[in-house]
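The values are calculated or read from the model by the stated rules, or taken from the named source; none is laboratory data. Here the structure is a predicted model, which means the values were calculated and not measured. When we count neighbours, we look across all protein chains shown, and the Cβ atoms used for this are built from the backbone with ideal geometry, even at glycine.
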Amino acid sequence: MARFPRSFLPLAALATGSLLATPLARAQHAPAPRPLDARLGLARDPGIAALLRDISPAQIRATDSTLVTFGTRHTMSDTTSSTRGIGAARRWLFAKLSAYGAACGGCLKVEYDPAMVEVSRHPQKPTVNVVNVLAWLPGRDTTRVVVITGHYDSCICAVDPFDVTSDAPGADDDGSGTSAVVELARVFSKRYPKGLSHSVLFALVAGEEQGLLGSRHLAERLHQQGYTVLGDMSDDLDGNVSADNGRTDSTTMRIYSGDPDNSPSRELARYAAALGRTYTPSFNILSVFRIDRIGRGTDHEPFVFLGDPGIRTTERMEALDRQHRPADTFEHVNFAYTANIARVNAAVLATLASAPPPPDSVRARRVAPYGQSWNITWNPAPGAASYEVLVRSTTSPTWERVIPVGNGTSYELDEQLDDLWAGVRSVGADGHRSLAVTVPQPRPIRPPSAAAAMRR
Ligand SMILES: [Zn+2]
């Protein structure tokens, strides 16, 4: 960008105050970009830092220790006993979340979210009442919601997928994630009894082990009811630190996000990794650019297939010799480690729920008639004080430069966008940033069944 050397400015400009006008007017056109570090220019909020300190490994441990006492939490297990089976487990979770709601003056809205769902993996394909337990922390704008799920059902699927009576402790899968989500509901309700800008939904889902039945129902319900899902995280397998081959890692978590590279999910993964670096810099994040582990999945997928940003946040080391077996017991869960994953979750939930929504209808067009530069436009986002344009090369895993562009809704990028990704994000008055919306826009991705149908 051309800048006037200071000595060339007319003296009259000094007298009239127009000294600043010329460089600033140009600056709106092409301000100097700033290189980004791993925090991607996200603000550190002392209130959120305090929220993260509230997260207690002992609380997570206490919740998980109760969950395993229900013997089995198989989705098709007994629902009438007060001490054993998934019915007893969900009534206990409902009561626990309701107690947090009572303690914050009713700030949490706790509900059962039932759905009659066919279990197509079962030989007889029975229809089962799959019941999620939801705790809502309503925002000032209740049409937008940030979601976190843990699945409270368990199984010994490696032995018999439909053994509904034997013990299936599921202490790690997914007692750990469920207990983390319960703890997040506790600390958010305590710290934010009046809610944030947008709603936060703490969702304990069932039917995961039979094919993501509860989370699919929840994702579809939220869309049918007109909610905008700002982001979804699945906490599944969050407490194991030692693998069967002897490798251990208690200082790294994994974040899975699906293709394409400009998808909303990948953007949420970048955001989560940047917030992790901002708030918990000594806890490492291994970003995996894949929707989930090979041939396996969990509860973020139904959200992703409806176009929402969705990621899996999970342990670095899995114990495949214990998963889905009676050996998935309490003593193998490292609750300090689970708490660290929950802190990254908390930073994402609180920041996304505090930030303005991302700008809508972001478009990029070549500047006519033959220009190498591109005009990027967007619709204003409610609550946005300003916007930033982000730029990265197509081979860079994350954003490389940020350009503050003021409070307008267009920007001329003097670059060959053919060779780059660009993104636009909203900035709130308090400095919280939304997810970036990338241009060119991603094509919607299809669930595997539709993709398979395309190949036929
Ligand atoms: Zn699981």
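Given the conditions (1) assigned to a helix (DSSP H, G or I); (2) within 16 Å of the ligand (Cβ to nearest atom); (3) more than 22 Å from the chain's Cα centre (by Cα), report the number of the one that THR338 does not fulfil.
(3)
Taking region 205-251 only, how many residues are more than 16 Å from the ligand (Cβ to nearest atom), among the β-branched types (Val, Ile, Thr) and within 24 Å of ARG322 (Cβ to Cβ)?
The total comes to 3.
Residues in region 409-420: is at least one touching a residue at least 60 places away in the same chain (Cβ under 8 Å) and part of a loop (DSSP other than H, G, I, E, B)?
yes
When the residues of region 279-309 are filtered to those that are among the aliphatic types (A, V, I, L, M) and part of a loop (DSSP other than H, G, I, E, B), which remaining residue is nearest to the chain's Cα centre (by Cα)?
Checked region 279-309; the qualifying residue nearest to the chain's Cα centre (by Cα) is ILE291.
Restricting attention to region 246-289, report how many residues are over 16 Å from MET233 (Cβ atoms) and in contact with a strand residue (DSSP E or B) (Cβ under 6 Å, 6 or more places away or on another chain).
Matching residues across region 246-289 total 5.
Look at ARG254 and say whether it is surrounded by fewer than 24 Cβ atoms within 10 Å (Cβ to Cβ), within 16 Å of the ligand (Cβ to nearest atom), assigned by TED's automatic domain parsing to the domain that holds PRO123 and at pLDDT 95 or above.
For ARG254, the condition - surrounded by fewer than 24 Cβ atoms within 10 Å (Cβ to Cβ), within 16 Å of the ligand (Cβ to nearest atom), assigned by TED's automatic domain parsing to the domain that holds PRO123 and at pLDDT 95 or above - is met.
Residue-by-condition table, conditions (1) away from the ligand (no atom under 16 Å from the Cβ); (2) buried (at least 20 other Cβ atoms within 10 Å of the Cβ); (3) outside the structural domain of ASP113 (by TED's automatic domain parsing); (4) not basic (Lys, Arg):
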{"site": "THR142", "(1), (2), (3), (4)": "yes, no, no, yes"}
{"site": "PRO161", "(1), (2), (3), (4)": "no, no, no, yes"}
{"site": "THR165", "(1), (2), (3), (4)": "yes, no, no, yes"}
{"site": "ALA168", "(1), (2), (3), (4)": "no, yes, no, yes"}
{"site": "GLY175", "(1), (2), (3), (4)": "no, yes, no, yes"}
{"site": "VAL181", "(1), (2), (3), (4)": "no, yes, no, yes"}
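Can you go through PRO358, PRO326 and tell me which one is assigned to a loop (DSSP other than H, G, I, E, B), touching a Ser or Thr at 6+ places or on another chain (Cβ under 8 Å) and under 13 Å from ARG425 (Cβ atoms)?
PRO358
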